[in-house]
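Heads up, the thing below is written out as structure tokens.
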Amino acid sequence: MGEAAKTVIFEIERRNSTDENSYWEKFELPYRANMNVISALMEIRRNPVNTEGKKTTPVTWDMNCLEEVCGACSMVINGKARQSCTALVDQLEQPIRLQPMKTFPVVRDLIVDRSRMFDSLKKVKAWVPIDGTHDLGEGPRMPERKRQWAYELSKCMTCGVCLEACPNVNDKSDFIGAAPLSQVRLMNAHPTGSMTRDERLNAIMGEGGLASCGNSQNCVESCPKGIPLTTSIAALNRETTVQMFRNFFGSDHAVG
Amino acid sequence: MENREFLLRRLHSLLGIIPIGIFLTQHLIVNHFATQGVEAFNNASHFMANLPFVIFLEIFVIYLPLMYHAFYGLYIAFTTKNNPGHYSYMRNILFVAQRYTGIFLVIFIAWHVFETRFQVAIGAAEANFNMMANILDNPWMLAFYIAGVLAATFHLANGLWSFLVTWGITQSEKSQRYTTYFTLLVFIVLSIIGIRALFAFI
Ligand code: HEM
Ligand code: SF4
Ligand code: FES
């Protein structure tokens, strides 16, 4: 009794739309046990009053699963990109600074548009082609050990954290970043997917592809899913080395 | 050509080792003869300067590859957005250092070539022990040369690590970690050779 109620302070980099300038706004809210950044944002939405006592617009953000599997809630928290749904207030230094992942176009406040990642997945053909005009039957089986290994790569949720952390993904470069590269390794590992592996390798040998990686290795340090991104990049480096020679010296066979 | 950027980047990487990295190593070793006295250095330098077709060797083994690597390297360095503050992992810090040492090397190498090889070419100086002794007499120049040698040895050693990844030779985390130790050793050994040579001139 008599003790001042514990509070949490947030500083949020906001903007009203993509083309508008950003501004910082500060909020102080009552502490609750086990609160995370999203529950704090919900509290701000409920009562959008900043530390100057002024009523303001509620802060907008993106979320979906609330259990770190969809990737929608990614933002920069105290300087590092991560998911806000698993960012526990107790583990963060205050004031907690929230910023959008500005590697992507900012839609409003903390919401970004990650379309470029989905475009990259299309560009590198990150799928297994099975559609045809008739039933092609069953594909080859995948060894169980390989399936377990591939499962780890398939955990990518296209959250964009690896792109935000990468110094080579920025507005001066068209580098697609680690996530779509890792997907190429995944699709090439699939027994049916590997039938078109040269198409994917050639795709990542294009503009803004694999060669734009400079090995800062921030991606693998930042990926919330622990995906071995830099091992995949090095493995793809070897495969594209072979593909490069094959393209030039190789015979006329379609896939090797 | 569709794969143009890929091929240009791979060429940049390759030239960093062959021939530039090999040349740098050779250059530092030849300079190291200075530790054995004036005559030993002059003999070594005389031998290098009188290799057959030396001007073609210089153009194709040094000037053209180095200019390609340097100018493309500047482009690469200025198209990154360094973030060592928030993402202060060791590899990211080395990544930034690779770029800063590269930029510094452009300045250092340009000055170094102007002050030595160019002066010899226009007949204003003779390439020998005394030339270097005169240059390094100035403590500021000595500091500049120490910085230049360390930047070059770091850039080559860390570049060797990066080269092995770029060509897909070191893939596993373990092999990449062990090459970090190995390239640290390369950095230390080459630095000792380079710095010892500098101090032999004063
Ligand atoms: C002493 C002469 C030099 C040597 C021995 C050297 C060597 C190397 C090597 C071996 C690499 C690794 C290539 C790879 O990542 O696959 C490299 C990378 C690099 N070099 Fe140099 N270099 C020299 C001069 C320069 C200069 C003057 C610049 C100009 C800025 C420069 C800029 C770069 C950059 C930016 C990279 C990183 C490339 C990447 O990560 O993709 N280098 N260098
Ligand atoms: S690789 Fe990891 S960090 Fe990158 S988008 Fe996928 S889950 Fe996110
Ligand atoms: S809401 Fe899905 S990852 Fe956070």
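The values are calculated or read from the model by the stated rules, or taken from the named source; none is laboratory data. Treat the numbers as computed from the prediction; the structure is a model and nothing was measured. When we count neighbours, we look across all protein chains shown, and the Cβ atoms used for this are built from the backbone with ideal geometry, even at glycine. Accessible surface areas use protein heavy atoms only, side chains included; no ligands, DNA or RNA. Shrake-Rupley method; radii C 1.70, N 1.55, O 1.52, S 1.80 Å.
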Test item: B:92-105 mean partner chain Cβ contacts at 10 Å
2
Spin-label zone in the stretch B:68-112 - amide nitrogen under 19 Å from a point set 7 Å from the Cα of B:ASN134 along the C-beta vector:
B:111-112
Please report, in cubic angstrom per residue, the volume enclosed by the convex hull of the alpha-carbon atoms of the protein assembly as shown.
226 Å³
I need the Debye-formula profile for chain B: one equal scatterer per C-alpha, no solvent, reported as log10 I(q)/I(0) at q = 0.08, 0.09, 0.14 1/Å, two decimals.
-0.30, -0.38, -0.90
Identify, among A:TRP149, A:GLY177, A:VAL161, the residue whose Cα sits farthest towards the positive end of the charge dipole of the stretch A:115-249, taking +1 on the Cβ of Lys and Arg and -1 on the Cβ of Asp and Glu, with the dipole about the Cα centre.
A:TRP149
Using a 10 Å cut-off around each Cβ of peptide A:156-167, what is the average number of partner chain Cβ atoms that fall inside?
2
Report ³J(HN,Hα) in whole Hz for each residue of the stretch A:66-72, in order, from the Karplus equation J = 6.51 cos²θ - 1.76 cosθ + 1.60 where θ = phi - 60°; Gly and Pro get x.
6, 9, 6, 10, 9, x, 5
With each pseudo-label sitting 7 Å past Cα toward Cβ, what's the A:GLU93-A:ASN47 distance in nm, one decimal?
2.8 nm
Note to self: with every protein chain in place and a 1.4 Å probe, chain B gives an accessible area per residue in Å² of 54 Å²
Calculate I(q)/I(0) for chain A by the Debye formula, one identical point scatterer on each C-alpha and no solvent, and give its log10 at q = 0.09, 0.15, 0.16 Å⁻¹ to two decimals.
-0.50, -1.05, -1.14
Chain B, Gaussian network, Cα under 10 Å: of B:LEU150, B:LEU136, B:LEU64, the residue fluctuating most is B:LEU64
Could you do me a favour and compute the accessible area per residue for the stretch A:79-212, 1.4 Å probe, result in Å²?
48 Å²
Whole angstrom only: what separates the Cα centroid of the stretch B:16-77 from the Cα centroid of the stretch B:83-127?
14 Å
Working with all protein chains in place, sort A:ARG15, A:ARG238 by solvent-accessible area computed with a 1.4 Å probe, largest first.
A:ARG238, A:ARG15
At q = 0.18, 0.24 Å⁻¹, base-10 log of I(q)/I(0) for the stretch A:53-160 (Debye sum, equal scatterers on each alpha carbon)
-1.02, -1.37
Quick one: Cα centre-to-centre distance for the stretch A:22-47 and the stretch A:138-163, in angstrom?
36 Å
0 to 90° range, to nearest 10: angle between helix B:4-15 axis and chain B longest Cα axis
40 degrees
Shielding by partners for A:115-128, please: the mean number of other protein chain Cβ atoms within 10 Å of each residue's Cβ.
0
Please report, for the Cα atoms of the stretch A:115-249, the Rg to one decimal and the Dmax as a whole number; what are they, in angstrom?
15.0, 46
Of B:GLU115, A:GLU152, which has the most accessible area and how do the rest follow, probe 1.4 Å?
A:GLU152, B:GLU115
Cβ under 11 Å from A:ILE227's Cβ, A:ILE227 left aside: what net charge do those residues give with Lys, Arg +1 and Asp, Glu -1?
+2
Cα pair distances exceeding 23 angstrom across the stretch A:7-112, given as percent:
18 percent
Of the residues A:THR51, A:THR133, A:MET187, the Cα lying farthest along the dipole of chain A towards its positive end, which is defined by charges on the beta carbon of Lys, Arg, Asp and Glu, belongs to A:MET187
If the chain between B:ILE188 and B:VAL106 were fully stretched, how many nm would it gain, using 0.36 nm times the residue separation less the Cα-Cα distance?
27.3 nm
Before anything else, pin down the relative contact order of chain B: Cα pairs under 8 Å, at least 6 apart, normalised by residue count, whole percent.
31 percent
Collect residues whose amide H, placed 1.01 Å from N in the peptide plane, falls under 5 Å from the amide H of A:VAL49; neighbours closer than 5 in sequence don't count.
A:THR56
With all protein chains modelled, accessible area of B:LEU184 [1.4 Å, Å²]:
100 Å²
Whole-Hz ³J(HN,Hα) from phi, Karplus 6.51 cos²θ - 1.76 cosθ + 1.60, for the stretch A:109-122, glycine and proline x
6, 9, 8, 10, 9, 8, 3, 4, 5, 6, 5, 5, 4, 5
With the label point 7 Å along the Cα-to-beta-carbon line of B:ALA143 and a cut-off under 17 Å to each amide N, the hits in the stretch B:102-120 are B:108
Listed pairs A:LYS125/A:LYS172; A:LYS102/B:LYS174; A:LYS26/A:LYS155; A:LYS55/A:LYS155; A:LYS172/B:LYS174 exceeding 31 Å between Cα atoms
A:LYS102/B:LYS174; A:LYS26/A:LYS155; A:LYS55/A:LYS155; A:LYS172/B:LYS174
Computed FRET value (nearest 0.05) for A:TRP127 with A:ILE9, which takes r as the C-beta separation and R₀ as 45 Å:
0.50
For a Förster distance of 22 Å, can you work out the FRET efficiency between the beta-carbons of B:LEU57 and B:GLN36, rounded to the nearest 0.05?
0.35
Tell me, what ³J(HN,Hα) does each residue in the stretch B:185-202 have, in order and in whole Hz, if you take phi through Karplus 6.51 cos²θ - 1.76 cosθ + 1.60 with θ = phi - 60° and put x for Gly and Pro?
5, 4, 4, 5, 5, 5, 5, 4, 4, x, 6, 4, 4, 4, 6, 5, 8, 10
Probe 1.4 Å, protein heavy atoms only: A and B together bury a total accessible area in Å², to the nearest 100, of 3000 Å²
Applying a 10 Å radius around every beta-carbon, put A:205-214, B:116-125, A:93-102 in order of their mean neighbour count, most first.
A:205-214, A:93-102, B:116-125
